[in-house]
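Just below is one structure, and these are the notes that go with it.
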Amino acid sequence: MVQSVFAQNTDWSLLTPELSGTLKIGIVKGKESKWFSEFKKIKKKASEKETSYSLKDELIENGEIKYIIRPLKDSKGAVMKLSFENLPEDAGLIWAYGGASNERVGEDWTPEIIPSDCDKNVFSIEGESFTLYYGTSRKLRIVEGETPLGGNLKLGDANKQGSPLQLFESGKNTNAQLLTASVEIKDNTPLYFCFYFLNPLADYNYYMLPELFESGVYRVNQETEWMKSTPD
């Protein structure tokens with residue numbers, strides 16, 4: 001059985017069962033920032049279909065964040081939905097992904113990005129999408145990522161994860177590179193993430209993620225394909 005959804009303390013690792021990377025998410029407000037895993041009030045519900053969190057903290061004042069993780073049906077991976085309610089107007093999101101060691105971890109694994117696991121991670125960025133290459137030449141593996149629109153993806157230093165803002169501003173001059181980005185957030189406007197392994201049934205773009213989140217699959221509607229033109 002593939003462990004593609006593994007969430008604890010809000011950080012999430014993609015296990016196949018080898019470690020294929022970890023996602024960390026946090027909030028920034030002005031010069032303050034905090035990882036979700038550090039929030040004062042975290043309510044978690046877990047089932048075979050999804051893992052969900054309700055997050056509250058003094059950093060977001062009277063606001064609430066709902067974070068839901070669901071497994072994919074056509075690939076090893078997961079799709080995530082974040083929704084926001086009553087957050088301060090100057091609040092933003094910072095996320096990070098990396099630490100794909102391609103090694104098995106124990107059942108008691110707590111998701112985290114370990115700097116030493118980042119040294120052989122290579123990222124290719126295209127807009128808000130990325131491809132992560134990791135492992136060795138004999139055992140090379142590739143993970144695809146779709147992340148929220150408007151994020152300015154860049155490389156960061158996994159040695160500087162003290163806060164989301166510290167990581168985002170850390171720079172790429174390191175032997176422990178990960179991917180990070182900041183994203184604007186708005187009340188009642190959800191954001192999505194998806195991490196997966198490409199195959200003929202799993203080749204996603206960001207616009208597909210809402211449907212993918214609801215059903216676990218995305219099927220192309222053949223009627224919407226380009227129609228062949230015919231001469232008059």
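Nothing in this text is a laboratory measurement; each read-out follows from the coordinates by a stated rule. Worth saying up front: this structure is predicted, and the values here are computed from it rather than measured. For neighbour counting, all protein chains shown are included, and Cβ atoms are generated from backbone atoms with ideal geometry for every residue, glycine included.
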Seminar exercise, completed: CD proxy, 222 nm, the chain: helix-only mean residue ellipticity via -39,500 (n - 2.57) per DSSP H run with n ≥ 4, per residue, nearest 500, stands at -1000 deg cm²/dmol
Exercise. For the chain, what D do you get in µm² per second when you plug the Kirkwood radius from alpha-carbon pairs into Stokes-Einstein at 20 °C and 1.002 mPa s?
Worked result: 118
For this session: Please provide three numbers in whole Å: the alpha-carbon extents of the range 137-188 along the principal axes, with the largest listed first.
Result: 46, 24, 15
Exercise. Given 0.36 nm per residue, what is the gain on full extension from residue 66 to residue 214 after removing their alpha carbon distance, in nm?
Worked result: 51.7 nm
For this session: Sort 213, 197 so that the residue with the fewest other Cβ atoms within 10 Å of its own Cβ comes first and the one with the most comes last.
Result: 197, 213
Exercise. If you take the square roots of the eigenvalues of the alpha-carbon gyration tensor of the range 122-222 and sort them as a ≥ b ≥ c, do you get rounded (a/c under 1.5), prolate (a/b over b/c) or oblate?
Worked result: oblate
